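Everything on this sheet refers to the single structure shown next.
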Amino acid sequence: MSKKNDGSGLNSQLIRRPIQRWAPLFLLPVFAAFCIGFVWPFIQGIYLSFCNFNVPSDATWVGLKNYSKIWTDVGFWNAFKNTAGFAVVTIVLINVISFAIAYALTQKMRGANLFRTVFFMPNLIGGVVLGYIWSMIFDGILRGYATYLTANATYGFWGLVILVCWQQIGYMMIIYIAGLQAVPEDMLEAARIDGATNSQTLFRVIIPNVMPSITTCTFLTLTNGFKLFDQNLALTGGLPSIIENGAKINKTELLALNIYSTYNINKDWHGVAQAKAVIFFLLVAVLAIAQQAATRSKEVQQ
Amino acid sequence: MKKLIALLLAMVMVIGLVACGGSTTKETQAPAAAPAETAAPAGTEAPAEAAAAGSVYYLNFKPEFDGALQELAATYTAKTGVPVKVVTAASGDYSTTLNAQMGKDGAPTIYNIGNMSGLKDWDDYALDLTDSAVAAELNTTDFNLYNEAGELKAIGYCYESFGIIVNTELLATAGYTLDDITDFASLKAVVEDIHSRAAELGFDAFTSAGLDGSSSWRFSGHLANMPLFYEFRDDGVTEQPATVTGAYLDNFRAIWDLYINNSATPASSLTAATGDQAEAEFGEGKAVFYQNGTWEYANLTGADKFGLDPANIAMIPIYCGVEGEENAALCSGTENCWAVNSKASAEDIQASLDFLYWLVTDAEASAVLVEQLGAVPFKSCPESSNKFIVDGNKLLSEGKYAVTWAFNYTPNVDSFRATLVTAMAAYSADPTDANWEQVVSAFVDGWAIEYQTVNG
C-alpha cells in the first residue's frame, strides 16, 4: 500500500529545481496567446476609444470627444434601459425555471435522462438561427390577432425573453442537476429523520448546498443577458425604429446591437462605438464582480 | 489517470495554439502565395507580356459575380503572370469586411465604393482615377463618384435598373397588353381589375410587398426613390440635402396602397413576407406584377430557377401619378464603383489599373463582364442580352427621361430605412391617415435626424 507513487518524489530538490527554472518557457506559449488574443486587442481597444479612426492604423487622438457624444445619445440610454430590464427578467426566469426543472428531473422518475437531453437541445442551436425561427413563430401566432412582432416594443422584448429562456434553461438545468446530485445523501437523510418537510428540506438543506451552482448560473445568465447580440439582431434587429422627441430610437435594441449599429453609421462614429464598448465592458465587469461577491458569501462548506 | 488527462489537456492546448498560428499565417500569406502558385507555371509558359512586380487584391462587392471573377483572375494571371487575388465579402457585410481588410498589411488594391457617403469614408484611400486608362474607356460618366474637389475617385463599372416586372403572358390572359399601361391611372385600372378577378383568373395582380428584411429594401429604398427623385428634380438638388420636404409623398402613398391592396397576401402579414416569397409568386405565375430590378433576370429566366421565357417578361417604369410620368424610363443607377487603394504600393496600383483596363477591353473578359453584370458602360463591351436592360435602353432611345437613384444621397441609409419600414408596416396593418403621418415623419423628420447624425 505504501509503495504506491503518491507524487512526493516531485518534491525532491533534484526534480523541482529544473522544473522551476524552465517553468516560464512552458508558460510562454499560453501567455503569448493570451497577450495576442486578449491583452493587446484590449489595450488597443481602449486607446481607439479616444481616437477618430476609419481603420485602426490611421487613428487620430481626439481625447474625450467620443465619450461626450455618448451622453447625448438617446438610443444608447434606451438600449441601456432595455438591457438592464432584460437582464433582470432573464436572470430571474431562467434560474427559477431551470432550477425547478433540475429539481424535478433529479427525483426518481421514468425517462428523466430523455427529458434532460430534450431540454438541453435548444442550446445546441446558434443564436441567429433561433432568432429567425422564433420571429416566424411569433409572427405566425400574432398574425391571428392581426398584428406582428415588430409592431411595438413589448412584443419584441418579451419575444426575446422567451427565446433566450428557451435557449438557456436547458444549459443552466445541467449545472443545477450536477449541483443537486452533489448534495450529500446523509444530510438529506438526517433532515428526513428529523422530520423536516419537503419545503424545509428544499430551502434549508438543498439550496444552501447548491449555492455554488447558483453562483455560476447567475453569473452566466447575467453576462449572457448583457452581452446578448445575435438573437437580438435576428429576432427584431432593434425594430420598431421610432422617432420620439426629435430623436431616433430602436425600441428593442440591446447594448451590443446598439454598439454594432453605431459603428456602421460612418467613420466618424467608429470611435464612439469603441467608447461605448469600453463603457459596456466596465459595466459588465463591475456587475459580474459584485454578483460573484454577493452569491459567494452565501455558499456553505460541505 | 490524472496524468493522462493532464497530457490530453496539454495536447489540446498545443494543438489549439498551432491551429491559431496556422490560420493567421494562412490569412496573411495566402494573398501572395496562392496566386503565385498558379502564376508560376503559367508565367514560364507564356512570358509574352513582361510581368509587372505588383499584385492585385480585388475585394469584390457582388457575391453573384464571384465565380466568374475568380476565373477571370486566373485567366489574367495565366496570361501576364501578375497574381490576382479575389475575395468576396458576404452579402450585407461589405463595409465591415472592407474596414477589417484595409487595416491589415496587404490591404485590398481594388475595392468598391457604393455611394457618396461611402466616398466620404474612403476618400483618403481612393486614388484619383481622372487620367487612368480605364476611365478613358467609359462611354458615360453618369455613374462615377467624384469627391468635393471634382476628382474621379470611383468608376461606376456597371449599372442596374429597377421598375415593375410584368408577366406579359398573364397580362394577355387578363385581356391587356403593355400598351394599356402608360401612367399611374392606367396602371391602377389594370391592377384593380385583375385583382377583382383574381379567383377566376387564377393569379393576382401584385406579388406580396414583403417588409421582412430580405424584401423591405425594395420599398424603403427603391420605391421611396420615386418621391425623392421628383422632389430633387424640382428643387435642383445635386448634393446631399440637410432636409427633404416630402412633396411627393402622396404619390408614394398612392402606389404603396396599390401594391398592398391588390395582392394575395393580406397587408397585416407583410412583415413576415420575404423576398424569396415574392420572387416565387412571380416566378410561378401567381402574380402579374413584381417590383424589382434587372438583377432578377437570371433568376427568373434561368432553367434551374423559374425558367420563364424572356419573351414573356418585361420591365416597365414605376408610375405614381406625377405629371408627365408617361415619359419616364426605368430607375437606373449603381452602387458598384471601382476604387483603387491609393495607399497601396506603386507597383500594386499599376498592376490593379492594368487589371481593370484588361477587364473592360479584352474581348473575352468584357463579354464575361456583360454576361455577369448586365449593363456595363464601357466602349468596347458588347450589348447585354438581359431583356430588362434591353427594355430600359429602348425607353431611353425613345427620348424618355431616366429616373436616377436619388436614394444614393440618403444619410445613414440603414437607419433611415429601418424607421421608414417600421412606419410602413404599421400603416399597412392599419391604413389610417394617422399612421400615414408616421410614414411622412419617418421620411421627412427621419432624413433631418440622420443628416444631423452623419454630419453633426
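The values are calculated or read from the model by the stated rules, or taken from the named source; none is laboratory data. This is a predicted model, so every value here is computed, not measured. Note: ideal-geometry Cβ built from the backbone for every residue, glycine included; neighbour counts use all protein chains shown.
Annotations
- Sole exception among (1) more than 14 Å from chain B (Cβ to nearest Cβ); (2) crowded, with 18+ Cβ neighbours inside 10 Å; (3) farther than 19 Å from A:GLY156 by Cα; (4) not aliphatic (A, V, I, L, M) for A:ASN224, by number: (3)
- Options A:ASN266, A:ASN258, A:ASN209; residue that is more than 11 Å from chain B (Cβ to nearest Cβ) and more than 26 Å from A:ILE174 (Cα to Cα): A:ASN258
- Test: residue in the range A:74-88 that is assigned by TED's automatic domain parsing to the domain that holds A:PHE157, more than 30 Å from A:GLY159 (Cβ to Cβ) and not aromatic (Phe, Trp, Tyr): no
- Of the residues making up the range B:106-117, those that are at pLDDT below 90 and more than 9 Å from chain A (Cβ to nearest Cβ) are B:GLY106, B:GLY114, B:ASN115, B:MET116.
- The range B:306-329 - residue that is among the β-branched types (Val, Ile, Thr) and within 15 Å of B:PRO227 (Cβ to Cβ) and, of those, modelled with the lowest pLDDT: B:VAL322
- Tally of residues being touching a residue at least 24 places away in the same chain (Cβ under 8 Å) and either among the hydroxyl-bearing types (Ser, Thr, Tyr) or assigned to a loop (DSSP other than H, G, I, E, B) (or both) across the range B:96-114: 10
- When each of B:GLY81, B:GLY118 is tested for being buried (at least 20 other Cβ atoms within 10 Å of the Cβ), out of contact with any Leu (no Cβ under 6 Å at 6 or more places or on another chain) and over 18 Å from B:GLU335 (Cα atoms), the lone residue that passes is B:GLY81.
- Check on A:VAL210, farther than 17 Å from A:ARG296 by Cβ and touching a helix residue (DSSP H, G or I) at 6+ places or on another chain (Cβ under 7 Å): no
- Any hit, the range B:232-253, residues being of a type in the set (Val, Ile, Thr) and either surrounded by 19 or more Cβ atoms within 10 Å (Cβ to Cβ) or out of contact with any helix residue (DSSP H, G or I) (no Cβ under 9 Å at 6 or more places or on another chain) (or both): yes
- Note on the range B:359-414: residues that are within 18 Å of B:MET315 (Cβ to Cβ), assigned to a helix (DSSP H, G or I) and in contact with a strand residue (DSSP E or B) (Cβ under 7 Å, 6 or more places away or on another chain) total 7.
- Just one of (1) closer than 30 Å to A:LEU282 by Cβ; (2) at pLDDT below 85 fails for A:SER8. It is (1).
- Condition broken by B:TYR401, with the remaining ones in (1) outside the structural domain of B:GLU231 (by TED's automatic domain parsing); (2) in contact (Cβ under 8 Å) with a residue 24 or more places away in the chain satisfied: (1)
- B:GLY374 fulfils the conditions (1) within 12 Å of chain A (Cβ to nearest Cβ); (2) surrounded by 21 or more Cβ atoms within 10 Å (Cβ to Cβ); (3) of a type outside the set (A, V, I, L, M, F, W, C); (4) touching a Ser or Thr at 6+ places or on another chain (Cβ under 9 Å) except for a single criterion, (1).
- Between A:ALA288, A:ALA277, A:ALA293, A:ALA273, the distinction of being more than 14 Å from every other protein chain (Cβ to nearest Cβ), at pLDDT 90 or above and farther than 30 Å from A:GLN107 by Cα belongs to A:ALA277 only.
- Just one residue in the set A:VAL74, A:VAL89 is out of contact with any helix residue (DSSP H, G or I) (no Cβ under 9 Å at 6 or more places or on another chain), surrounded by 12 or more Cβ atoms within 10 Å (Cβ to Cβ) and either of a type outside the set (Phe, Trp, Tyr) or modelled with pLDDT under 85 (or both); that residue is A:VAL74.
- Answer residue from the range B:261-274, given it is more than 14 Å from every other protein chain (Cβ to nearest Cβ) and within 26 Å of B:TYR230 (Cβ to Cβ) and is surrounded by the most Cβ atoms within 10 Å (Cβ to Cβ) among those: B:SER263
- Against the test of being outside the structural domain of B:LEU373 (by TED's automatic domain parsing) and over 23 Å from the mean Cα position of the chain (by Cα), the options B:ASP276, B:ASP304, B:ASP235 yield a single qualifying residue, B:ASP235.
- Listed by position, the helices (runs of 4 or more DSSP H) enclosed by the range A:1-117 that each have at least 2 residues that are under 30 Å from B:GLY106 (Cβ atoms) are A:13-34, A:40-48.
Residues checked against (1) modelled with pLDDT under 85; (2) polar (S, T, N, Q):
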{"site": "B:ALA36", "(1), (2)": "yes, no"}
{"site": "B:THR44", "(1), (2)": "yes, yes"}
{"site": "B:ALA51", "(1), (2)": "yes, no"}
{"site": "B:GLN70", "(1), (2)": "no, yes"}
{"site": "B:TYR76", "(1), (2)": "no, no"}
{"site": "B:VAL87", "(1), (2)": "no, no"}
{"site": "B:ALA90", "(1), (2)": "yes, no"}
{"site": "B:ASP93", "(1), (2)": "yes, no"}
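- Considering residues of the range B:141-158 that are in contact with an Asp or Glu (Cβ under 8 Å, 6 or more places away or on another chain) and in contact (Cβ under 8 Å) with a residue 24 or more places away in the chain only, the residue nearest to B:VAL191 (Cα to Cα): B:GLY156
- Of the residues examined, A:ALA100 is not one that is closer than 30 Å to B:GLY456 by Cα, surrounded by fewer than 17 Cβ atoms within 10 Å (Cβ to Cβ) and more than 14 Å from chain B (Cβ to nearest Cβ).
- Looking only at the range B:411-433, residues that are closer than 30 Å to B:ASN144 by Cα and either away from chain A (no Cβ under 12 Å) or among the aliphatic types (A, V, I, L, M) (or both) come to 4 in all.
- The combined condition, being in contact (Cβ under 8 Å) with a residue 60 or more places away in the chain and either out of contact with any strand residue (DSSP E or B) (no Cβ under 6 Å at 6 or more places or on another chain) or under 21 Å from B:ASN412 (Cα atoms) (or both), is fulfilled by B:LEU249.
- Filter result for A:GLY170 (over 29 Å from A:ALA293 (Cα atoms), of a type outside the set (S, T, N, Q), in the same structural domain as A:LYS108 (by TED's automatic domain parsing) and in contact (Cβ under 8 Å) with a residue 60 or more places away in the chain): no
- Among the residues examined, B:ALA339 qualifies as over 19 Å from B:ILE181 (Cβ atoms), among the aliphatic types (A, V, I, L, M) and assigned by TED's automatic domain parsing to the domain that holds B:THR130.
- Restricting the range B:398-410 to residues that are over 17 Å from the mean Cα position of the chain (by Cα) and of a type in the set (Gly, Ala, Ser) leaves a set whose member that is nearest to the other protein chains (Cβ to nearest Cβ) is B:ALA402.
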